[in-house]
Each structure stands twice: as structure tokens, then as C-alpha cells.
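Visitor: Below is a structure I'd like to ask you about.
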Amino acid sequence: MTPAARLLAISVAWVAIQIGSGYLTHRMPARWFRRDGWLFRCRRFERDGRLYRRLFRVHRWKDRLPEAGALFAGGFSKRRLTSTSASDRVPLLERFIAETRRAELTHWLPVLFSLTFFIWNPPDIAAWMPPIGLAGNLPFIIVQRSNRPRLTALRDRTAAGPPRRRSLPRPHRSRRDRLTRRSR
């Protein structure tokens, strides 16, 4: 295979892997993404997503990444959280959180599927594919892992309802103060 043909084949394979991973996770049942499993669980070192904000400054660049959650029919765009009524917010946040798990898996799968390059490429070329897959998908994984703890906290606050107003104790007033106030 000529170098140009190999480069074209690798490029086509990457596109197929990326789109195929998205389609595969899109077809998975939503119930698979309702809970944090081993892969999606927030780790202690992530400090509820703050690690990504501090170390990678994710809040500065995350909006520049393309978002293809709604690429397939019935998909869910994670660009914005939109809700008009208070009763819709908790179910919408639940779905949003589940979709961050789906998106994270969508971006882990190409890293896994990059190992298929060892089947049809020389080892010196195939060895580059997992790091390339990780480099290309890691920003998207970071965004999902950064957003999920924040969304979970928002869901929990929303489900709890508005914060209760604590009544402050009234300051003690003497009888003289009360009488003086009435006479004014």
C-alpha cells in the first residue's frame, strides 16, 4: 500500500470509528446511562469536577468544541439547558446527566477501537493510533466529566425545592422600647 493510500485509509477509518461510536451509543438504551457505573463515577481526585476547571481551564474552551448530540434522530443536544417550567427541570436535568454519560462513552470508544489499527497496519504506524485517538477525544471526555458533577448538584438543589427561609429570632425589646414605639 502506498503511503498516500494508507493515509487515506487511516483517515476514512477514523471518521468511521468516530461516527460509528456515536451511532452505537445513540442506539443503546437510555436506562444504561441512568446511573454512574465504574466508568462514569466521579473520582476523588476530580474534586467534583473542579480539577478540570483549575488544571485544564475547561470553562474557557468547552463552548468551542463541536456538539453532535442531536446528529442522529432523537438525539439530545447538550449545548444548552433549556426549560421553561419548574416541573420540567428535574427530569430534564436527569436526561442531561444521562446524556453526559452517553457522550463520555461515545468518546472513550474510539480510543478502544483504535486498537483495530494493529490488525491492518504495521506496528510502527498502529502504535500511534491510540494516542491520537485519546488526544482527539480527551477534550470531549474532560467536558463531560467536568459538567456531570455540576449538573448533579443542580439537580439535587432543584429537586429539594427553593431554600427555606430561616426566620431570625426577633431582637429582645424592653417594655420601655415597646411603649416608646407606640407613642410615636
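Visitor: Go through segment 4-51 and give me each residue that's in contact with an Asp or Glu (Cβ under 7 Å, 6 or more places away or on another chain) and more than 13 Å from ALA103 (Cα to Cα).
Guide: Scanning segment 4-51 gives a single hit, CYS42.
Visitor: Can you tell me which residue among ARG80, ARG60, ARG101 is part of a loop (DSSP other than H, G, I, E, B), closer than 19 Å to VAL143 by Cβ and either of a type outside the set (A, V, I, L, M) or at pLDDT 90 or above (or both)? Before you say what the answer is, go through the steps one by one.
Guide: On the way: ARG60 fails: part of a loop (DSSP other than H, G, I, E, B); ARG101 fails: part of a loop (DSSP other than H, G, I, E, B).
It is ARG80.
Visitor: Can you tell me which residue within segment 17-45, out of those that are under 16 Å from SER146 (Cα atoms), out of contact with any Cys (no Cβ under 8 Å at 6 or more places or on another chain) and not hydrophobic (A, V, I, L, M, F, W, C), is surrounded by the most Cβ atoms within 10 Å (Cβ to Cβ)?
Guide: Filtering segment 17-45 for residues under 16 Å from SER146 (Cα atoms) gives 36, 39-45.
Still in the list and also out of contact with any Cys (no Cβ under 8 Å at 6 or more places or on another chain): 39-45.
Now drop any that are not not hydrophobic (A, V, I, L, M, F, W, C), which leaves 41, 43-44.
Details: ARG41: 10, ARG43: 8, ARG44: 6.
Residue satisfying both the conditions and the ranking: ARG41.
Visitor: OK, next. Can you pull out the residues in segment 1-37 that are assigned to a helix (DSSP H, G or I) and of a type in the set (Ser, Thr, Tyr)? Let's see the steps before the verdict.
Guide: Step one: of segment 1-37, the residues assigned to a helix (DSSP H, G or I) are 3-27, 30-33.
Those that are assigned to a helix (DSSP H, G or I) and of a type in the set (Ser, Thr, Tyr): SER11, SER21, TYR23, THR25.
Visitor: Looking only at segment 122-165, filter to residues that are assigned to a loop (DSSP other than H, G, I, E, B) and farther than 28 Å from ARG50 by Cβ; which one of those is modelled with the lowest pLDDT? Write out each step before concluding.
Guide: To start, the set of residues in segment 122-165 that are assigned to a loop (DSSP other than H, G, I, E, B) comprises 122, 127-128, 161-165.
Next, from what is left, pick out any that are farther than 28 Å from ARG50 by Cβ: 122, 127-128, 165.
Numbers: PRO122: 94, ALA127: 96, TRP128: 96, ARG165: 65.
Checked segment 122-165; the qualifying residue modelled with the lowest pLDDT is ARG165.
Visitor: Taking the conditions exactly as written (modelled with pLDDT under 90, farther than 20 Å from CYS42 by Cβ, assigned to a helix (DSSP H, G or I) and among the hydroxyl-bearing types (Ser, Thr, Tyr)), does SER87 satisfy them or not? Let's see the steps before the verdict.
Guide: Numbers: modelled with pLDDT under 90: yes; farther than 20 Å from CYS42 by Cβ: yes; assigned to a helix (DSSP H, G or I): yes; among the hydroxyl-bearing types (Ser, Thr, Tyr): yes.
Against the criterion (modelled with pLDDT under 90, farther than 20 Å from CYS42 by Cβ, assigned to a helix (DSSP H, G or I) and among the hydroxyl-bearing types (Ser, Thr, Tyr)), SER87 qualifies.
The values are calculated or read from the model by the stated rules, or taken from the named source; none is laboratory data. Given the structure is predicted, the values throughout are model-derived calculations rather than measurements. Note that we place each Cβ from the backbone using ideal geometry, even for glycine, and neighbour counts take in every protein chain shown.
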